[in-house]
Amino acid sequence: MRKTLAFMIGLTFLFIISACNGNGSQASNNTSESNVIPEAELVITATDYKFDQTEYHLKKDVPVKIIFKNEEGNHGLLIPGLKLQMDRQNDTKVITPTKSGKYEISCSIMCGTGHGTMISTIIVE
């Protein structure tokens, strides 16, 4: 009985880990393509409890290379409207925004007492 229970727990754990590492395809507001040559570059720098700018501007339908720099503290980058998440290990991505609008940027890693105020905006024109 114990062996069966341990086996089932281990199997469940492996299933959860493999699901977290999957690369499922999702319809999104951007086209994330590694073989597209970017026409622009956007660097977003995070320090303790803030991004280096309150607003960043991108052009609609223009491929852009986004580079995330984590200079102070432990931070991540989350832009739900563009289905984009970045961190120290995944710090560069090429996207092509396809819809105009404002998209909120927030820190995706709990970084301390100022975490909730770590917000900025991307404006796609």
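The values are calculated or read from the model by the stated rules, or taken from the named source; none is laboratory data. Since the model is a prediction, treat every value here as computed from it, not as a measurement. Every residue, glycine as well, gets a Cβ built from its backbone with ideal geometry; the counts of neighbours run over all protein chains shown.
Among residues of the range 99-114 that are under 8 Å from Y49 (Cα atoms), those with a Cβ under 6 angstrom from a residue that is surrounded by 14 or more Cβ atoms within 10 Å (Cβ to Cβ), sequence gap 6+ or separate chain, pair up as C111/G73; C111/N74; C111/H75; G114/Y49.
Scanning the range 86-103 for residues that are closer than 18 Å to I37 by Cα, in a strand (DSSP E or B) and not basic (K, R) yields a total of 5.
Would you check if I66 is within 22 Å of N35 (Cβ to Cβ), modelled with pLDDT of 95 or more, surrounded by 14 or more Cβ atoms within 10 Å (Cβ to Cβ) and among the β-branched types (V, I, T)? Spelling it out, I66 is indeed within 22 Å of N35 (Cβ to Cβ), modelled with pLDDT of 95 or more, surrounded by 14 or more Cβ atoms within 10 Å (Cβ to Cβ) and among the β-branched types (V, I, T). Applying the criterion of being part of a strand (DSSP E or B) and touching a residue at least 40 places away in the same chain (Cβ under 8 Å) to the residues of the range 76-85, the residue that is farthest from S106 (Cα to Cα) is L84.
Within the range 40-75, the set of residues being of a type in the set (F, W, Y), assigned to a strand (DSSP E or B) and in contact (Cβ under 8 Å) with a residue 60 or more places away in the chain comprises F51, Y56.
Looking at this structure, is I37 β-branched (V, I, T), closer than 19 Å to P97 by Cβ and at pLDDT 95 or above? Here the answer is no, as I37 does not meet what is asked.
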